[in-house]
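Undergrad: My structure is below; once you've seen it, I'll send some questions.
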Amino acid sequence: MAQPIFFKQPPSSTLAELAALTGAALVDSARGDHVIRGLASLDEAGPMHLAFFDNLKYVDQLKATKAGACLVSPRFEQQVPAHVAVLRAAQPFRAFVKLAREWHADALRPQSWFEIDGIAPSAIIDPSAHLEDGVIVDPLAVIGPRVEIGAGTVIGAGAVIGADVKIGRDCNVGARTAIQFSLIGNNVLIHPGCSIGQDGYGFIFFGPEGHLKVPQTGRVLIQNNVEIGASTTIDRGSLRDTVIGEGTKIDNQVQIGHNVTIGRHCLLAAQIGLAGSLTIGDNVAIGAKAGLNNHIKIGDGAQIAAMSAVKDDIPANERWGGHLARPTRQWFRESLALERLARDSAAHLKGEGKE
């Protein structure tokens, strides 16, 4: 299994203790004293590891596992090998993650890469900036005039924070991230290499003077508990602000254009492209590599399949996909009809060749 050498080693715990911690039921109480020293996947676990099973795709791994114990739902517990202790849980993966969060809390939020507790001597901080007690600034970070940073926030190595930016408490700004013209709430996690607050792609195209740049005078507003993946770009607004709603989680390499509004608790997978001035409601999920056109609205609770191209508004709670995107049932019907047409056409051409 992967060795967690970069994180604190979890404590040894008995199965009885793990059952109490996760809320699972230990099916054979006689195994309550068996000691577990780590977490692992089914195919890499050994007798001292706890694994989980909740997907029939991996049933062969379950049958062959050498794990000491396995979190499993009542539906599948009879398929667990006899040598593996069963921890019965209604939601095995959720129980597994609950334990992982307890044992590996240090992996949930990055700290100083250089184990610094305070301000690195090589950091450059403008005298007018205000940093509350408990802020950590790694080497070679640059913090500009009148910046405000709340207690418990970590600024990574080589990060650049532009003038007048405000960052709340318990945030993390990853190494080599550049932030300007932005107001950031509390408990915001920004992974390395992000660019936030740069001007958007605004031009009057093909005029007599060439492509005429439109001033981008808005801001980026990032609310509490947002997570932003590595190398993501968020443009500042032109006339209105670009807004990222509370609790939204953004994956790596996402492009968010100017004036975009993203609601609360949305999920955006990797390499999504959001054109300017579109509005996304609350609890929206968008798959990887989807592209959304400008000036459209995505309703609350909508879901968009990976690699979709969206040019129209999507009503609340609907599921769309495809290129160009439409309701998934329609997309599936059209795809199946096209497959049948191609198959029938191929069979017809083959038949003609025999005549």
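Undergrad: Just to be sure before I move on: is ALA100 closer than 30 Å to ASN225 by Cβ, among the small types (Gly, Ala, Ser) and outside any loop (DSSP other than H, G, I, E, B) in the structure I sent?
TA: It is true that ALA100 is closer than 30 Å to ASN225 by Cβ, among the small types (Gly, Ala, Ser) and outside any loop (DSSP other than H, G, I, E, B).
Undergrad: Let me ask you something else. For residues that are closer than 15 Å to ALA230 by Cβ and part of a loop (DSSP other than H, G, I, E, B), scanning just segment 179-200, find the one that is most open to solvent (accessible area, probe 1.4 Å).
TA: HIS191
Undergrad: Next up: Of everything in segment 103-127, what is among the aromatic types (Phe, Trp, Tyr) and in a loop (DSSP other than H, G, I, E, B)? Give them in sequence order.
TA: Residues satisfying the conditions are TRP113, PHE114.
Undergrad: What's the number of the condition ASP133 fails, among (1) among the acidic types (Asp, Glu); (2) modelled with pLDDT of 95 or more; (3) not in a loop (DSSP other than H, G, I, E, B)?
TA: With (1) among the acidic types (Asp, Glu); (2) modelled with pLDDT of 95 or more; (3) not in a loop (DSSP other than H, G, I, E, B) applied to ASP133, the lone miss is (3).
Undergrad: Let me ask another. Where residues in segment 34-70 are part of a loop (DSSP other than H, G, I, E, B) and farther than 25 Å from ALA105 by Cα, which of them is nearest to the chain's Cα centre (by Cα)?
TA: ASN55
Undergrad: Now, a different point. Considering each residue of segment 232-241, count those that are within 21 Å of GLY168 (Cα to Cα) and either free of Cβ contacts under 8 Å to residues at least 40 places away in the same chain or open to solvent by 30 Å² or more (accessible area, probe 1.4 Å) (or both), and give that number.
TA: Summing the residues that are within 21 Å of GLY168 (Cα to Cα) and either free of Cβ contacts under 8 Å to residues at least 40 places away in the same chain or open to solvent by 30 Å² or more (accessible area, probe 1.4 Å) (or both) in segment 232-241 gives 4.
Undergrad: Now for a separate question. Can you spot a residue in segment 268-282 that is under 18 Å from GLY197 (Cβ atoms), among the β-branched types (Val, Ile, Thr) and not in a strand (DSSP E or B)?
TA: No, there is no match, as no residue in segment 268-282 is under 18 Å from GLY197 (Cβ atoms), among the β-branched types (Val, Ile, Thr) and not in a strand (DSSP E or B).
Undergrad: Can you pull out the residues in segment 5-46 that are out of contact with any helix residue (DSSP H, G or I) (no Cβ under 8 Å at 6 or more places or on another chain), more than 26 Å from ALA90 (Cβ to Cβ) and not hydroxyl-bearing (Ser, Thr, Tyr)?
TA: Hits for segment 5-46 are ILE5, PHE6, GLN9, GLY46.
Undergrad: Another question about this same structure. So, of the residues in segment 89-128 that are open to solvent by 90 Å² or more (accessible area, probe 1.4 Å) and in contact with a strand residue (DSSP E or B) (Cβ under 7 Å, 6 or more places away or on another chain), which turns out to be modelled with the lowest pLDDT?
TA: If we take residues in segment 89-128 being open to solvent by 90 Å² or more (accessible area, probe 1.4 Å) and in contact with a strand residue (DSSP E or B) (Cβ under 7 Å, 6 or more places away or on another chain), then GLN111 is modelled with the lowest pLDDT.
Undergrad: Moving on. Identify the residue in segment 1-33 that is among the small types (Gly, Ala, Ser) and part of a helix (DSSP H, G or I) and, among all such residues, is least open to solvent (accessible area, probe 1.4 Å).
TA: Looking at the filtered set, the residue picked out is ALA19.
Undergrad: Just give me the residues in segment 295-332 being under 20 Å from ASP282 (Cβ atoms), in contact with a Leu (Cβ under 7 Å, 6 or more places away or on another chain) and outside any strand (DSSP E or B), in sequence order.
TA: Correct list: HIS295, ILE296.
Undergrad: Follow-up. All but one of (1) free of Cβ contacts under 8 Å to residues at least 24 places away in the same chain; (2) within 30 Å of GLY156 (Cα to Cα); (3) in contact with an Asp or Glu (Cβ under 9 Å, 6 or more places away or on another chain) hold for LEU108, so report the exception by its number.
TA: Of (1) free of Cβ contacts under 8 Å to residues at least 24 places away in the same chain; (2) within 30 Å of GLY156 (Cα to Cα); (3) in contact with an Asp or Glu (Cβ under 9 Å, 6 or more places away or on another chain), only one is false for LEU108: (3).
Undergrad: Scanning for something open to solvent by 20 Å² or more (accessible area, probe 1.4 Å), part of a loop (DSSP other than H, G, I, E, B), at positive phi and touching an Asp or Glu at 6+ places or on another chain (Cβ under 8 Å), does segment 159-169 turn up at least one residue?
TA: no
The values are calculated or read from the model by the stated rules, or taken from the named source; none is laboratory data. Quick caveat, the model's predicted, so the values are computed rather than measured. Every residue, glycine as well, gets a Cβ built from its backbone with ideal geometry; the counts of neighbours run over all protein chains shown. Note: areas computed on protein heavy atoms with side chains; ligands, DNA, RNA excluded. Shrake-Rupley method; radii C 1.70, N 1.55, O 1.52, S 1.80 Å.
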